[in-house]
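Engineer: There's a structure below that I have some questions on.
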Amino acid sequence: MLRFALIVAICATMLGCTPVSTKESTVLMLGDSMFAWNRTGGGGVGANLARTLERSVEDRSITGAHVNVTGPNENDPKRSITAQYGPGKWQWVVINGGANDLLFECGCGRCDRTLDDIISPDLKTGALVDLVAKARADGARVMLVGYHAGRAGGHYFSGCKPEVTALVQRQLQFAARTRGVYMVRARKALDSNNSAHFAFDRVHPSKLGSRLIADLVGAEILRIERRR
C-alpha cells in the first residue's frame, strides 16, 4: 500500500506538478497535492482560486510535501510546506497539508508524535503553528483548508482516517482561537459518492474537484472580507 502511494506521488510529479509563480501576487498558496493536482493546463486549485477571487495567486504547493521536515531537507520547498513560505505583501496565505506526514512517517498508526510535530494538543507548538505565525507577522490573514474524505469505497489513504480527523480537529480549534486565522474543509466541496469529483486514484480531485475546492475557499475569503 505504501509502495502504491509512492508510485502515485511520482506519477503526479511527472504530470506537471511544478509550482506556479505569479508576480505581484496577493494570495499565496502552500501545500501538497490536494492543491497541486491538475495544475498543468491551469486546472489546479490555485488557478481556479485566482479566477474566483479575480486577483493574482502564487501557488507554491508541491505533490508529496510534508508540513514538518527536519534535517537536510527542512529548507527544501519541494519537501517542506513550511519552506514554501516567503515574506511578501500577502493579503491571504492559504495552507493545506499533513496527510503525507501521517502516511509516510508513521504509516497512519501510532502517529501521536507526528501529529504533535504538526500541531500540539494544546495548539501552541508545531510546524503548522510556526508557519501561521510567520504569515501573520507579515500581516497576512491565513486560511487553513482541511482535507476531503476521498472517493467512497476506499483508497490508499483510507487507513489514515482517524489520524487525519484528529489533525483536522486540531486545525479547527486552532483557527477558532487564533486571530486572523480561518478554516474551511474540502469535504464540504467534494461529494465522496460522486466519481466526477475525483481523479483515477480516488484520492486526488479531478479538474472539477479542484475547481469546487477553489470555489469553496474563494467564497469563504470573500465572505470574511465583506464582514470586516
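The values are calculated or read from the model by the stated rules, or taken from the named source; none is laboratory data. Because the structure is predicted, anything quoted here is derived from the model rather than measured. Don't worry about glycine lacking a Cβ; one is built from the backbone with ideal geometry, like all the others, and counts go over all protein chains shown. The accessibility values were calculated without ligands, DNA or RNA, using every heavy atom of the protein model including side chains. Shrake-Rupley method; radii C 1.70, N 1.55, O 1.52, S 1.80 Å.
Engineer: Of the conditions (1) of a type in the set (Asp, Glu); (2) closer than 26 Å to LEU222 by Cβ; (3) surrounded by 19 or more Cβ atoms within 10 Å (Cβ to Cβ), GLU163 satisfies every one except a single condition; which number is it?
Structural biologist: Answer for GLU163: the failing condition is (2).
Condition check ((1) modelled with pLDDT under 95; (2) open to solvent by 20 Å² or more (accessible area, probe 1.4 Å)) across all residues:
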{"site": "GLY107", "(1), (2)": "yes, yes"}
{"site": "THR114", "(1), (2)": "no, no"}
{"site": "LEU123", "(1), (2)": "no, no"}
{"site": "ASP130", "(1), (2)": "no, yes"}
{"site": "LYS134", "(1), (2)": "no, yes"}
{"site": "ASP138", "(1), (2)": "no, yes"}
{"site": "ARG141", "(1), (2)": "no, yes"}
{"site": "VAL145", "(1), (2)": "no, no"}
{"site": "HIS148", "(1), (2)": "yes, yes"}
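Engineer: Then there is this: Just checking, how many residues over the range 205-228 are outside any helix (DSSP H, G or I) and under 16 Å from THR63 (Cα atoms)?
Structural biologist: Taking the range 205-228 and keeping what is outside any helix (DSSP H, G or I), we get 205-206, 228.
In the following step, the residues that additionally are under 16 Å from THR63 (Cα atoms) were identified as 205-206.
Residues meeting the conditions: 2.
Engineer: Inside the range 63-100, can you point out the residues that are in contact with a Ser or Thr (Cβ under 8 Å, 6 or more places away or on another chain), within 20 Å of VAL45 (Cβ to Cβ) and without any contact (Cβ under 8 Å) to a residue 40 or more places away in the chain?
Structural biologist: Scanning the range 63-100 gives ALA65, HIS66.
Engineer: Additional query: Could you go through the range 124-133 and let me know if any residue there is outside any helix (DSSP H, G or I) and within 18 Å of ALA186 (Cα to Cα).
Structural biologist: No, the range 124-133 contains no residue that is outside any helix (DSSP H, G or I) and within 18 Å of ALA186 (Cα to Cα).
Engineer: Quick check on this structure: which one of ALA166, ALA196, ALA175, ALA186 is in contact with a Ser or Thr (Cβ under 8 Å, 6 or more places away or on another chain), at pLDDT 95 or above and of a type in the set (A, V, I, L, M, F, W, C)? Explain how you work it out, then say what you get.
Structural biologist: On the way: ALA166 fails: in contact with a Ser or Thr (Cβ under 8 Å, 6 or more places away or on another chain); ALA175 fails: in contact with a Ser or Thr (Cβ under 8 Å, 6 or more places away or on another chain); ALA186 fails: in contact with a Ser or Thr (Cβ under 8 Å, 6 or more places away or on another chain).
Exactly one of ALA166, ALA196, ALA175, ALA186 is in contact with a Ser or Thr (Cβ under 8 Å, 6 or more places away or on another chain), at pLDDT 95 or above and of a type in the set (A, V, I, L, M, F, W, C), namely ALA196.
Engineer: Still on this structure, please answer the following. Before we move on, is LEU49 more than 12 Å from SER210 (Cα to Cα), buried (at least 19 other Cβ atoms within 10 Å of the Cβ) and at pLDDT 50 or above?
Structural biologist: Criteria not met by LEU49.
Engineer: Check off (1) under 19 Å from GLU163 (Cα atoms); (2) of a type in the set (Ser, Thr, Tyr); (3) in a loop (DSSP other than H, G, I, E, B); (4) in contact (Cβ under 8 Å) with a residue 40 or more places away in the chain for THR114 and give me the number that stays unchecked.
Structural biologist: Only one criterion is unmet by THR114, namely (3).
Engineer: Let me ask something else about it. Collect the residues in the range 78-105 that are closer than 24 Å to CYS160 by Cα, open to solvent by 30 Å² or more (accessible area, probe 1.4 Å) and not charged (D, E, K, R), keeping them in residue-number order.
Structural biologist: Residues satisfying the conditions are THR82, PHE104.
Engineer: Let me ask something else about it. Can you tell me which residue among ARG187, ARG202, ARG179, ARG170 is within 18 Å of GLY46 (Cα to Cα), basic (Lys, Arg) and either open to solvent by 60 Å² or more (accessible area, probe 1.4 Å) or outside any loop (DSSP other than H, G, I, E, B) (or both)?
Structural biologist: ARG187
Engineer: Now, a different point. With respect to ARG211, determine if the residue is open to solvent by 50 Å² or more (accessible area, probe 1.4 Å) and modelled with pLDDT under 95.
Structural biologist: Spelling it out, it is not the case that ARG211 is open to solvent by 50 Å² or more (accessible area, probe 1.4 Å) and modelled with pLDDT under 95.
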